[in-house]
Amino acid sequence: MLSMTGYGRAMRELDGRQLTIELKSVNHRFLDLSFRMPRNLMFLEDDARKLIGARLSRGHVDVFMTYRNMRSDARSVQVDRALFDAYVGALSGLTDSGVQDDRSLMSIARLPDVLVVTEAEEDQDALRALLKETLDAALDQLVEMRRREGAEMKKDLAFRTDRIEEMTNAVEARYPETVEEYTRRLRASIEELIGRNVDETRLLTEVAVMADRSAIAEETVRLHAHIAQLRECLEKAEPVGRRIDFLVQELNREVNTISSKSQDVPITQLVVSMKAEIEKLREQLQNIE
């Protein structure tokens, strides 16, 4: 089980080219990637999306790339000769102004746009190889952090699941007592009104109607089934966040049905506690891949 929160960073250098990649991920319903990279690396975005998509299935991931080309052929300097000659001509026209002519080659070269620095065209194949090596290393860190956090979340989910099962068992154990208590209350009410000549057939009919309306066996059976499936999901290696989210919705549905059927105070108290545990499950699910 993986969390969707994590961080990874890697820096690699290959043949004079240095690439640093940082990854930050948070929860999101789908895999959502956001890139910040130099313009000369933008052709790598599609490759990066495929590499990340092969390792992650959900989460918003910010991808930061910084790049340095330290090769001797990375840049070249050229002189804009036409602009240089124009500067020289313009300055020559000032020689009769009485101002000392202190022109030098370097002073003119420092004038705007005389020297033009040109970035060499990047070797795309070399950068693709560098991207894969660096991004794989950053993803290793990110996934490991997500795995460690996911392990802690798994423990909490398992604990909440156990609590819900315990309360489901308690509801099942309590239900027969609610029928008996209803029978005693109904008998007492009838005897108070008409004396001890209680029509047993009518009494049993009323109890049967009440028992049918408040029966929760179907709901508790489904709760046990959902709990079993949830535990199976916790042991799976692949992403299970969406599956668990569905199961938690179903747990909540069954508990709400029990709540609407039962008028028994102890069962109502158990239902309230079950809803609290389900809500905690739901909160944790927001960050499970």
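The values are calculated or read from the model by the stated rules, or taken from the named source; none is laboratory data. In this text, all values refer to a predicted model and were calculated from it rather than measured experimentally. Cβ placement follows ideal geometry from the backbone for every residue including glycine, while neighbour counts extend to all protein chains displayed. Keep in mind that these areas ignore ligands, DNA and RNA; they rest on the heavy atoms of the full protein, side chains included. Shrake-Rupley method; radii C 1.70, N 1.55, O 1.52, S 1.80 Å.
Quote the accessible area belonging to Val77 in square angstrom, nearest 10, computed with a 1.4 Å probe and with ligands, DNA and RNA left uncounted.
Roughly 100 Å² of Val77 is accessible to a 1.4 Å probe.
Which GluC sites (Glu not before Pro) in region 113-146 pass both tests, a DSSP loop state and at most 10 other beta-carbon atoms within 10 Å?
Qualifying residues, ordered by number: Glu121.
Take the alpha carbon atoms of region 212-289, find their center, do the same for region 37-73, and report the distance between the two centers in whole angstrom.
Using only Cα atoms to place each centre, the spacing works out to 41 Å.
Give me the log10 of I(q) over I(0) for region 1-138 at q = 0.09, 0.10, 0.11, 0.15 Å⁻¹, as the Debye formula computes it from C-alpha points; what are the numbers?
The calculated log intensity ratios at q = 0.09, 0.10, 0.11, 0.15 Å⁻¹ are -0.47, -0.53, -0.58, -0.78.
Would you mind getting me the FRET efficiency between Tyr7 and Val116? Use the beta-carbon distance for r and R0 = 41 Å, nearest 0.05.
0.50
Between Val77 and Glu144, take the C-beta separation as r, use R0 = 35 Å, and let me know the FRET efficiency to the nearest 0.05.
0.20
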